[in-house]
Amino acid sequence: MRKYQAPTDNFFRLPNNIFDLGLTPIQFAIYAYLVSCAGSKDCCWPSMEKIARKIGAGKTAVQEHLNVLVRRQLIAKSKRITAGGHRNNVYTLLNLDNPEIYRDLTPPQELPLDIFDEMPV
């Protein structure tokens, strides 16, 4: 049996503490894809459609989860206009030492009314 050998090309690294952040699978996939696009830089600008296609999710879901990553300060999102006049988003990977990234910003679920509670009039 051959011993495992780490790839020397076409791979990227994620920080170990990414697993401590409580990301949903889609948030993790988006973040990992942005890291792979950025390479050795701290920013990248893939289209929303490309992100959705690469991670196997819908465009609306990608938009919603990108906004959560922005609010949790894992990434920053800004606009840019190319020399050809096209507009696109630039995603900047932020430092993961920020305690704000540990906040859970998913919307709270409404609890169903108990059958013994009085309904508001």
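Quick notes
- With only the Cα atoms considered, the range 28-67 has a convex hull volume of 60 Å³ per residue.
- FRET efficiency, 1/(1 + (r/R0)^6) with R0 22 Å, evaluated for Ile18 and Lys79 via beta carbons: 0.25
- Packing, as the average of other Cβ atoms within 10 Å across residues, places the peptides 80-86, 58-64, 24-30, 42-48 in the order 24-30, 42-48, 58-64, 80-86, highest first.
- Extending 7 Å from the Cα toward the beta-carbon at both Asn67 and Met1 defines two label points whose distance is 4.8 nm.
- Considering only alpha-carbon pairs that sit under 8 angstrom and 6 or more positions apart, the relative contact order computed for the range 1-75 is 29 percent.
Every read-out reported here was derived from the displayed coordinates using simple, explicitly stated rules and does not represent laboratory data. Computed from a prediction, not measured in an experiment: that's the story for all the values here. As a convention, Cβ positions derive from the backbone with ideal geometry for all residues, glycine included, and neighbour counts pool all protein chains shown.
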